[in-house]
1. Within straight cross-link reach of Lys97, meaning Cα distance under 17 Å, which lysines are found once same-chain residues fewer than 8 apart are removed?
2. Compare the peptides 165-173, 125-133 by average per-residue count of other Cβ atoms within 10 angstrom and give them in order, highest first.
3. To the nearest 20 debye, what is the magnitude of the charge dipole of the chain about its Cα centre, counting +1 on the Cβ of each Lys and Arg and -1 on the Cβ of each Asp and Glu?
4. Spelling out what I want: for every residue of the range 62-77, take phi, set θ = phi - 60°, compute 6.51 cos²θ - 1.76 cosθ + 1.60 (Karplus), and round to whole Hz; glycine and proline get x.
5. Please give the Cα centre distance for the range 118-190 versus the range 37-93, rounded to the nearest Å.
6. How much length, in nm to one decimal, is gained on full extension between Val145 and Lys79, taken as 0.36 nm per residue of separation minus their Cα-Cα distance?
7. Multiply the residue separation of Asp156 and Glu186 by 0.36 nm, subtract the distance between their alpha-carbon atoms, and state the gained length in nm to one decimal.
8. So the label point goes 7 Å from the Cα of Ala179 along Cα→C-beta, right? Which residues of the range 60-98 then have their backbone N under 16 Å from it?
Amino acid sequence: MLHLKLPTDPRWVNVAEKSIDEILTDHAYCEQKAASSCISLIVENPDKEKLVEVLTPVVAEEWSHFERVLEEMKKRGYKLGKQRTDEYVVALQKHIKKGGSYEDRFLDKLLICALIEARSCERFKLLWQNIKDQELSKFYYELMVSEAGHYVNFIDLAKTYFTEEKVNSRWQEFLDIEADIINSLEWRSDRMH
C-alpha cells in the first residue's frame, strides 16, 4: 500500500528500542511538525476548500498524537528533550521544484507530506510488531493506522488538484528520491526517520 522502494531494515527497531526515550522525543516533535505542516498548507491555500476540509481534522489528530507521545514519555519518567533537525525531511524538501509555478511546488509539498506519513507508518508498524514494551506496541499500532490514513489523504488531495498522470509521474520520482535519501542517511538511535 505504501509503495516505498526501500524498506527500513528491521534491525532499526533494536537500535530504536535501546534509546526509546530519544525516539519518543523525536517522535513528539515529528507529530508537532506534521500538525504545523498541515496548518501551513491551509494558510497558503485557503481557496482550496477540499484541502481545508480534509486537513483541518488532521491538524487536530496530529496534535493529539503529540500529546499522546508526551503521555507515554511521562509514564516512563522521560522528559521532552530538545528538538533536532529532521535530516530526512530536510533532504526531501531540497527536491521541491525551485522556480516554476506555485502549483508545481504545491504538488511537491503534498507528495512530501505523503512520503513522510508513509515512512512514519512503516516505522510504526515495525515498532508495533517488534518492540518488547506491550503498551508502546499497542500505541504504535494505533498510530500506524492513523498515519496510513494521512498518507492516503495527501495522495487523494494531490489527485484532487492535479491529473492522476501528473501525480503518479511525480510520485514515482519522489519514491526514487526518498529511497536514495533513506539509503544515504546514517542510522541514528535517536531519530524516528
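We did not get these values from a lab; they are worked out from the coordinates using the rules stated. In this text, all values refer to a predicted model and were calculated from it rather than measured experimentally. Using ideal geometry, Cβ is built from the backbone for each residue, glycine included, and neighbour counts are taken over all protein chains shown.
1. Within the straight-line limit of under 17 Å, Lys97 reaches these lysines: Lys109, Lys166.
2. Values: 165-173: 14.8, 125-133: 17.0.
My ranking of the peptides, most packed first, is 125-133, 165-173.
3. On the way: 28 positive and 35 negative charges, 88 e Å.
Value, rounded to 20: 420 debye.
4. 5, 5, 5, 5, 4, 5, 5, 5, 4, 4, 4, 5, 4, 4, 9, x
5. If you average the Cα positions of each part, the centres end up 14 Å apart.
6. Details: separation 66, 0.36 × 66 = 23.76 nm, distance 2.62 nm.
Gain on extension, Val145 to Lys79, equals 21.1 nm.
7. Numbers: separation 30, 0.36 × 30 = 10.80 nm, distance 3.18 nm.
Using 0.36 nm per residue and subtracting the Cα-Cα distance, I get 7.6 nm.
8. Answer for the range 60-98: none.
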